[in-house]
1. Ordered by residue, what ³J(HN,Hα) values in Hz, to whole numbers, does the stretch 81-86 give under the Karplus form 6.51 cos²θ - 1.76 cosθ + 1.60, where θ = phi - 60° and Gly and Pro are x?
2. How much of the accessible area of the stretch 31-93, in percent, comes from carbon and sulfur atoms when a 1.4 Å probe is used?
Amino acid sequence: MSTTSPLPPAPRSSSGALAAWGIAVLVIATVLVGALAPARHPAPLRSAAEDPACLEWSDGCKVCQRLADGPACSLPGFACQPGALQCLRRREG
């Protein structure tokens, strides 16, 4: 009597492992595209202090003027909460 041992079952590919690899590849591709794609940055807005045509500006706490020697600013109040810079006086013409 010959005894043959049954063959072990053939290995099956796990659908869970395949899905995990697919997700990993998708994440890596997304990160690479985000890192390598050129970024579109809007032009930065020029604040009143950086605008050469603005001669006097304020943030609600202190007032600054553009003088020949450079900008000169007043001292802020003790409990003042500064706001956005606003141009108070512009160069004519």
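1. Values, residue by residue: 9, x, x, 6, 5, 10 Hz.
2. Working: 3110 of 5280 Å².
Here it works out to 59 percent.
The values are calculated or read from the model by the stated rules, or taken from the named source; none is laboratory data. Quick caveat, the model's predicted, so the values are computed rather than measured. The area values use the complete protein model at the heavy-atom level, side chains included, leaving out ligands, DNA and RNA. Shrake-Rupley method; radii C 1.70, N 1.55, O 1.52, S 1.80 Å.
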